[in-house]
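Data first, discussion second: the structure below is written as structure tokens.
All of the numbers you see were taken from the coordinates with simple rules; none came from a lab. Note that this is a predicted model, so its numbers are computed, not measured. Using ideal geometry, Cβ is built from the backbone for each residue, glycine included, and neighbour counts are taken over all protein chains shown.
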Amino acid sequence: MTSRERVLTALAGKPTDRVPRLLYEEAIGYTPPIERLLRERCGGQAPRDYFDMDITSVTFNPTELPRERFTEWLGPSGAEALASGQVDEWGVWWKTGDFHHFAHADSPLRGMEDAARLMEYPWPDLEAPYRWQGVAERVAALHERGLAVAAYAGSVFEQSWYIRGMEDLMMDMLAEPAIAHWFFDRTAALQQFAASQFARAGVDIIITGDDIAGQTGMLMNLDVWREFLKPRLAATVRAVKQARPESFVFYHSDGNVEAAVADLIEAGIDILNPVQPECMDPAAVKLKYGERLAFWGTVSVQQTMPFGTPEEVRAEVRARIRSVGKSGGLILAPAHVLGPETPWENIVAFFEAADSTPMH
């Protein structure tokens, strides 16, 4: 099987020659310490090629809009923010900290109470044709290499709070719902456009998601999520399926999202990520939802990958394949980015166990 055949077969709930597997970061980028480790150990090859990962990713082209359009929105620190080079195309200043790869999101609309002024905020130009030039050709070239292709279409709740500030957005949802709906409409419209464009370009897996849970449960009442976010997610799924029915839609949320899983299925989600094993039992989730949902992730990045022995990594990988991967339906990966403590030996053990464990 090619990697792409393996991935598509697994996502269809059918057995494969081995489990499709990759490091989580192949779709989003590596943390700096892990990037350095891989560069040192992969002998000049890209990690994707060194480990023969099954999925790679594409994205749209960079914006040509000037960041200076955010100067007035960034307040007294506007000049400093723009000089830092850390303001993204949404106007969020990602202040790097002194603890590994973590950054602080300085939200440009935090504290603003003037609703009319909020609605004057400049948004990205993701709908501009130049942002999408060459994407279909890049996807086709990766398919020719036998790789499955994923692409991130953006978030709705997270992107909204990056701009508005989490506390302000959560208060809007309770006290000023019209403002919250306006933010969600704007971010969802761009997500739906990007998702449909990626689908038309032939992307196999469209990545969506929002962190809507912590390790003990949902960050918001399920009915609130159903009012503000579920309909917009369902609209994104519809946009993908209308553009290219065979594309799969992936939903990411860290934490214990089990309360929303049935709703995610109802919204049309095909793949749940990451099924964080510290707070969700991957085997139980597979048993309950495996006929309607595939899973991507499941291997601990809080315990096993950084702090376990290579044999403990192999044991967890084997357990996931035998319970979650049985009869297909699993893309095996660490449940999130690998922390800086993760040793090379554990990364190697992850791939060795994945490739040597039978799928039945």
The chain, relative contact order [Cα under 8 Å, separation at least 6], %: 21
Provide, for the chain, the number of lysine pairs with alpha carbons under 30 Å apart, each pair being eight or more places apart or on different chains. 14
From a point 7 Å beyond the Cα of H360 in the direction of its Cβ, which residues of the range 309-335 have a backbone N at a distance under 13 Å? 326-328
Where does each of H336, H143 land when they are ranked from fewest to most other beta-carbon atoms within 10 angstrom? H143, H336
When DSSP assigns beta bridges and you keep just the ones with both residues in the range 86-241, what percent turn out antiparallel, to the nearest 5? 70
Counted charge near R6, where neighbours are those whose Cβ lies closer than 13 Å (Asp, Glu -1; Lys, Arg +1): -2
In terms of the Cα gyration tensor, with a ≥ b ≥ c the square roots of its eigenvalues, is the range 106-240 rounded because a/c is under 1.5, prolate because a/b exceeds b/c, or oblate? prolate
Compute the Cα gyration tensor for the range 29-141, then decide on rounded, prolate or oblate, letting a ≥ b ≥ c be the square roots of its eigenvalues: rounded whenever a/c is under 1.5, prolate when a/b is larger than b/c in the other cases, and oblate in all that remain. oblate
How do E312, E127 rank when sorted from fewest to most other Cβ atoms within 10 Å of their own Cβ? E127, E312
Estimated translational D of the chain in µm²/s (Stokes, Kirkwood radius over Cα pairs; 37 °C; 0.692 mPa s): 155
Summed over the other residues with a beta carbon less than 15 angstrom from that of A189, with K and R at +1 and D and E at -1, the charge totals +1
Just for the range 204-289, what percent of DSSP beta bridges are antiparallel, to the closest 5? 20
Angle between the chain longest axis and helix 310-323 axis [Cα atoms, degrees, rounded to 10]: 90
Quick note, the range 162-281: a/c under 1.5 would make it rounded; otherwise a/b > b/c is prolate and the rest oblate (a ≥ b ≥ c, C-alpha gyration tensor); here it is oblate
DSSP beta bridge pairing in the chain, given as percent antiparallel to the nearest 5: 25
Out of V348, V156, V317, a Gaussian network model of the chain with alpha-carbon springs under 10 Å gives the largest mean-square fluctuation to V348
C42-A116 FRET efficiency (beta carbon distance; Förster radius 56 Å; 0.05 resolution): 0.60
Between 0 and 90°, nearest 10: helix 258-267 axis offset from the chain longest Cα axis: 80
Between 0 and 90 degrees, rounded to the nearest ten: what's the tilt of helix 135-144 against the longest Cα principal axis of the chain? 0
Quick one: D17, D106, D204, fewest Cβ neighbours within 10 Å first, how do they rank? D17, D106, D204
Dividing the mean separation of Cα pairs under 8 Å (6+ apart) by the residue count of the range 19-94 yields a relative contact order in percent of 25
In a shell of Cβ-Cβ distance under 10 Å around W94, excluding W94 itself, what net charge do Lys and Arg (+1) and Asp and Glu (-1) give? -1
